[in-house]
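The block underneath contains the structure these notes are about, expressed in structure tokens.
Just so you know, all these numbers are worked out from the coordinates, no wet-lab data involved. Everything numeric here is computed off the predicted structure, so don't read it as measured data. Every residue, glycine as well, gets a Cβ built from its backbone with ideal geometry; the counts of neighbours run over all protein chains shown.
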Amino acid sequence: MKTSPFDAKPEEVDQWTPYSHWCSDCWHFVVDCEHCLDPLPVQHHAVEDGCVRSLAYDRKTQCLEVRFKWKAVQQYRPVPLAVVGEIWKARPMNVALDKLVMKNRRIRFDEVRSEGKLLMSMLRGLWILSTP
């Protein structure tokens with residue numbers, strides 16, 4: 001078991017790789033995979049919170065997209081508009097998000113394909129192709 005970033009192999013994606021996350025469908029750490037979703041085509045609204053950077057909500061699909069301050073982006077669905085209103089009013093927002101959305105087993109969540117993930121994926125591919 002790797003317990004340090006110094007034990008990591010540069011050709012492998014693990015928990016020390018920037019922008020990586022555990023994909024339960026692929027069953028390993030990935031930077032970008034087929035299970036990542038595209039960002040919502042709606043505007044994000046910046047919020048003042050210790051953990052949450054911004055929120056976006058699509059009423060048609062009842063999908064809530066959350067950008068966290070640690071550069072993770074996740075989509076939750078289906079999230080009713082009333083729950084989004086409660087989260088928007090709550091302070092601290094991350095506690096309400098955890099209580100109302102993250103711990104609700106009926107609400108599905110997925111990682112979102114961000115610009116950082118795409119960049120890291122392309123750089124890793126270029127690095128792998130350039131090494132002999």
Margin query: Assuming 0.36 nm per residue, please report the length gained on full extension of the stretch Arg59 to Thr131 beyond their Cα-Cα distance.
Written below: 21.3 nm
Margin query: Show me the chymotrypsin sites (Phe, Trp or Tyr not before Pro) within the stretch 39-98 that DSSP assigns to loop and that have at most 14 other Cβ atoms within 10 Å of their Cβ.
Written below: Trp70
Notebook entry, point to check: If the cut-off is a Cα-Cα distance under 20 Å, which aspartates and glutamates reach Lys69, setting aside same-chain residues fewer than 8 apart in sequence?
Noted result: Asp32, Asp38, Glu48, Asp49, Asp98, Asp110, Glu111, Glu115
